[in-house]
Amino acid sequence: MKGVIVNCLAEMVTQRFGKEKWEAALEKAGLNRTTTFMGMKDYDDALVLKLVNSVCNVLGISLQQAADAFGEYWVCNFAPKVYPIYYKGVNSAKEFLLKMDHVHEMTTKSLPGASPPRFGYQWKDDKTLIMTYNSKRGLIDIMIGLIKGVGKYYKENLKVTKLGPDKVEIKFP
């Protein structure tokens, strides 16, 4: 997993809960309290997930609460600063979500070692999208948090339902 993911997590925890909580999570994960992550460097998935679990433990929140908080922070705060081009010309949650597979395809081609999830799309009706998550990582709960974050960013009340380990139903307003 790219270090940029951990950098976003660190920024979110530090800004919302304080530097001490982030340092405690690092320590709980077996890392030095001053550990930093390089944005484009690859880190072992197990290490990143251990750190996420440590954050949950230190903050006293569930993994789903962490996924929702991370998704909202990534989409609404972090990504617009780091990846503003992905937001350019996009006017709705639907447009943004439908663009993500292409973004991840381009990321895979242009960034050595990148393996972001890929997405499939199937319309159930004109307001209901079934989005398929394709990744060996099995992090669909983080995808759900990110989708909810997209809804908040575009001020749209999306109804997001997990249908299984690789499928999510999104109802647009």
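So how many residues does the stretch 1-56 have that are within 21 Å of ALA67 (Cβ to Cβ) and among the acidic types (Asp, Glu)?
3
Inside the stretch 126-146, can you point out the residues that are out of contact with any helix residue (DSSP H, G or I) (no Cβ under 7 Å at 6 or more places or on another chain) and over 15 Å from GLY164 (Cα atoms)?
ASP126, LYS127, THR128
Any residue that is under 15 Å from the mean Cα position of the chain (by Cα) and either assigned by TED's automatic domain parsing to the domain that holds LEU163 or over 26 Å from PRO165 (Cβ atoms) (or both) - is there at least one of those in the stretch 18-29?
First pass over the stretch 18-29, keeping only residues under 15 Å from the mean Cα position of the chain (by Cα): none.
Within the stretch 18-29 (the criterion being under 15 Å from the mean Cα position of the chain (by Cα) and either assigned by TED's automatic domain parsing to the domain that holds LEU163 or over 26 Å from PRO165 (Cβ atoms) (or both)), the answer is no, since none of the residues qualifies.
For the stretch 1-79, which fully contained helices (runs of 4 or more DSSP H) count at least 2 residues that are surrounded by fewer than 16 Cβ atoms within 10 Å (Cβ to Cβ) and out of contact with any helix residue (DSSP H, G or I) (no Cβ under 9 Å at 6 or more places or on another chain)? Don't jump to the end; show me each part of the working.
Details: elements: 3-17, 19-28, 45-59, 63-73.
Those helices (runs of 4 or more DSSP H) span 45-59.
So that you can scan it fast, the table gives a plain yes or no per residue for (1) modelled with pLDDT of 95 or more; (2) more than 21 Å from GLN64 (Cα to Cα):
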residue: ASP101; (1), (2): yes, yes
residue: MET106; (1), (2): no, yes
residue: PRO116; (1), (2): no, no
residue: GLY120; (1), (2): yes, yes
residue: LEU129; (1), (2): yes, yes
residue: MET143; (1), (2): yes, no
residue: LEU146; (1), (2): yes, no
residue: VAL150; (1), (2): yes, no
residue: THR161; (1), (2): yes, no
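Which of the residues belonging to the stretch 109-123 are loosely packed, with under 15 Cβ neighbours inside 10 Å and not basic (Lys, Arg)?
Of everything in the stretch 109-123, those that are loosely packed, with under 15 Cβ neighbours inside 10 Å and not basic (Lys, Arg) turn out to be SER110, LEU111, PRO112, GLY113, GLY120, TYR121, GLN122, TRP123.
Answer yes or no as to whether LYS2 is modelled with pLDDT of 95 or more and closer than 24 Å to VAL82 by Cβ.
On the way: modelled with pLDDT of 95 or more: no; closer than 24 Å to VAL82 by Cβ: yes.
So LYS2 does not fit the description; no.
The values are calculated or read from the model by the stated rules, or taken from the named source; none is laboratory data. Quick caveat: nothing in here was measured; it's all calculated off a predicted structure. Cβ coordinates were reconstructed from backbone atoms using ideal geometry, including for glycine residues, and neighbour counts include every protein chain displayed.
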